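This report refers to the structure that appears directly beneath it.
The values are calculated or read from the model by the stated rules, or taken from the named source; none is laboratory data. For clarity, every value in this text was computed on a predicted model and none was experimentally measured. FYI the Cβ positions are ideal-geometry reconstructions off the backbone, even for glycines, and counts take in every protein chain you see. What goes into the accessible areas is simple: the full protein's heavy atoms, side chains included, and nothing from ligands, DNA or RNA. Shrake-Rupley method; radii C 1.70, N 1.55, O 1.52, S 1.80 Å.
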Amino acid sequence: MSLAETDPVIADLIAKETVRQQDTLEMIASENHASHEVMEAQGSILTNKYAEGYPGKRYYSGCGFYDEIEQIAIDRACQLFGCKYANVQPHSGANANFAVQLALFNPGDTFAAIELSNGGHLTHGSAVNVSGKWLKPVTYRLVEDESRSDWGYIDFDSVEAVMKEHRPKVLMCGYSAYPRTIDFAKFRAIADKYDALLWADIAHVAGLIAGGAHPNAFPHCQIVTTTTHKTLRGPRGGLILTDDEELSKRFNKAVFPGSQGGPLMHVIAAKAVAFGEGLKPEFKTYSAQVVANAKRLAKELIDRGYKLASRGTDNHLILIDLRPVDAELTGKTAAVWLEQVGIIANMNTVPNETRSPFQTSGIRMGTPALTTRGLKENDIAQIAGIIDRTFRSKGDQTTLAKCKQDVLAICQKFPMKHA
Ligand SMILES: *Cc1c(COP(=O)(O)O)cnc(C)c1O
């Protein structure tokens, strides 16, 4: 029996969501379209088995094929990122980060990370996350002085200052809303100077690193965590990587039994498939195109009068400050108008923000999903024009309806291959 017959309510919602994805332009910087093959593995009978433990060291019988699958996922992850040890079991990026924190810290320990409003992630010390409740984050910032050519880039003076003052045992880099290349070597030099371990959370740029479109975190970082579903285009999941055998053992214990139970073996199989895709030459082409598309999007919007955080991008995302074009327009309203025309993006705080995180003056946009659908620079230029008309529409329904037609035409030209 098919799902449509046994549970038509859920089947119908999945069908509607498929149409929604087909008929909209997905520009949330952290989202992508996983391949049919990734989803085939993720939707497989591998979901049925408990495989607590690690390859060759399971608690239950019947894990032989699971050992092989998990070992392949581990080997491919290590090959993809050029490191020695991988834990492929974290259920998500947040779980990977929690496991690392459990392995490295005692409650009350200090670690350095970016100020959250400057592009960090909740798991990097937010007061509402366990990382901020049980640990003590000390923070560095982006360059705030707009007269400087590196405005909006990491302020390495503030990195050094926080390390010098607090001497935390871990320095974190890697962000959720940072449009520039991360200089891992520079971070490592500072970490070494203050006897700290360097931890990179590459959740956003993992796919660019895998495809050679962003410098690798290895060999500079002793600890690397990531998601597998953003630029890396795999199933929803997390990953912990290291070159250090002793750390890898601590991370394995912190994942299981420290913070998780049975691994999601169907997802681990899908991760193996995605890492396999990442190792192919096509993925290099893909990640280069993601960056080329984001750079074109940045240029088109700057040409139309928008201000971009750090004045542009090196990677897959941009942060648009709407204020120079419309001082009244909030990121929240702009995101609603964009959704009306079929462009999906999220509001975001911008440098020198004057509004609350619930209103914001900015929009974050990325190109990973559009690039997966096959869009190139000229298509992105056309979309930039639609985005500009939407932002300047003042909410006029006729204008928004016209924009929606233009979006639909692009969506039909680039069908989602994996649906
Ligand atoms: C997305 C993200 C995470 C969390 O990933 P989830 O899979 O949503 O738990 C962690 N760190 C960074 C930097 C991220 O951007």
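Each residue of the range 124-138 in order: what ³J(HN,Hα) in whole Hz does its phi give by Karplus 6.51 cos²θ - 1.76 cosθ + 1.60, θ = phi - 60°, with x for Gly and Pro?
In residue order, the calculated couplings are 9, x, 5, 5, 8, 10, 4, 5, x, 6, 9, 10, 10, x, 10 Hz.
Kindly provide the trypsin sites (Lys or Arg not before Pro) of the range 264-309 that DSSP labels as loop, not H, G, I, E or B, and whose Cβ sees at most 16 other Cβ atoms within 10 Å.
Qualifying residues, ordered by number: Arg304.
In debye to the nearest 20, how big a dipole does the chain give about its Cα centre with +1 on each Lys and Arg Cβ and -1 on each Asp and Glu Cβ?
Result for the chain is approximately 180 debye, rounded to the nearest 20.
Using a 1.4 Å probe, what is the accessible area per residue for the chain, in Å²?
42
Consider a paramagnetic label point 7 Å from the Cα of Glu282 along Cα→Cβ; state which residues of the range 7-47 have an amide N under 20 Å from it.
Taking a point 7 Å out along Cα→Cβ of Glu282, the residues of the range 7-47 whose backbone N falls under 20 Å are 22, 32-43.
Would you pull out the residues with amide H under 5 Å of Leu25's amide H, same chain only if 5 or more places away, H placed 1.01 Å from N?
Ile343, Ile344
Pick from Pro168, Pro281, Pro90 the residue whose mean-square fluctuation is largest in a GNM of the chain, springs joining Cα atoms under 10 Å.
For the chain, modelled as a Gaussian network with Cα springs under 10 Å, the answer is Pro281.
Based solely on its DSSP helices, what 222 nm [θ] is calculated for the chain when runs of n ≥ 4 H residues each add -39,500 (n - 2.57) and the sum is averaged over all residues, nearest 500 deg cm²/dmol?
It lands at -13500 deg cm²/dmol.
If you place +1 on the Cβ of every Lys and Arg, -1 on the Cβ of every Asp and Glu, and leave all else neutral, what size is the dipole of the range 260-363 about its Cα centre, to the nearest 20 Debye?
That gives a dipole near 220 debye.
List the pairs from Lys299/Lys417; Lys307/Lys332; Lys376/Lys413; Lys307/Lys376; Lys84/Lys230 whose alpha-carbon separation is above 21 Å, in the order I gave them.
As for pairs spanning more than 21 Å Cα to Cα, those are Lys299/Lys417; Lys307/Lys376; Lys84/Lys230.
What whole number of Å gives the distance from the Cα centroid of the range 191-264 to the Cα centroid of the range 289-319?
The distance from the Cα centre of the range 289-319 to that of the range 191-264 comes to 27 Å.
Between Gln382 and Arg311, what FRET efficiency follows from the Cβ-Cβ distance if R0 is 22 Å, with the result rounded to 0.05?
0.45
Pull up the DSSP beta bridges for the chain and report the antiparallel fraction as a percent, rounded to 5. Let's see the in-between values first.
On the way: 20 of 35 bridges.
Bridges in the chain that DSSP calls antiparallel: roughly 55 percent.
Compute the orientation-averaged projected area for the chain from the convex hull of its Cα atoms and round it to one decimal in nm². Walk me through the numbers on the way to the answer.
On the way: hull surface 83.6 nm².
Averaged projected area of the chain's Cα convex hull equals 20.9 nm².
Would you pull out the residues with amide H under 5 Å of Thr227's amide H, same chain only if 5 or more places away, H placed 1.01 Å from N?
Ala203
From the phi of every residue in the range 237-246, what ³J(HN,Hα) in whole Hz does the Karplus formula 6.51 cos²θ - 1.76 cosθ + 1.60 yield, where θ is phi - 60° and glycine or proline is x?
Calculated HN-Hα couplings, in order: x, x, 7, 10, 10, 7, 9, 9, 4, 5 Hz.
Could you look at the range 41-278 and say what percent of its accessible area is carbon and sulfur, using a 1.4 Å probe and all protein chains?
51
Compare Asp244, Asp12, Asp192 in a GNM of the chain, Cα atoms joined below 10 Å, and give the one with the largest fluctuation.
Among Asp244, Asp12, Asp192, the largest mean-square fluctuation in the Gaussian network model of the chain belongs to Asp12.
Expressed in nm², what is the orientationally averaged projection area of the convex hull enclosing the Cα positions of the range 41-278?
That works out to 12.5 nm².
Please list, in chain and number order, the residues 5+ apart from Leu308 or on another chain whose amide H is under 5 Å from its amide H, with Hs placed from the backbone.
Asp321
Could you derive backbone 3J(HN,Hα) for the range 113-119 from the dihedral phi with the Karplus parameters 6.51, -1.76 and 1.60 (θ = phi - 60°), listing whole Hz in sequence and x where the residue is Gly or Pro?
8, 6, 3, 3, 5, 9, x
Where a Cα-Cα gap under 12 Å defines reach, which aspartates and glutamates qualify for Lys186, not counting those fewer than 8 residues away within the same chain?
Qualifying aspartates and glutamates at Cα under 12 Å: Asp155, Asp157, Glu160.
Any chance you could list P(r) for the range 197-345, counting all Cα-Cα pairs in 10 angstrom bins from zero, rounded to whole %?
10, 29, 31, 21, 9, 1
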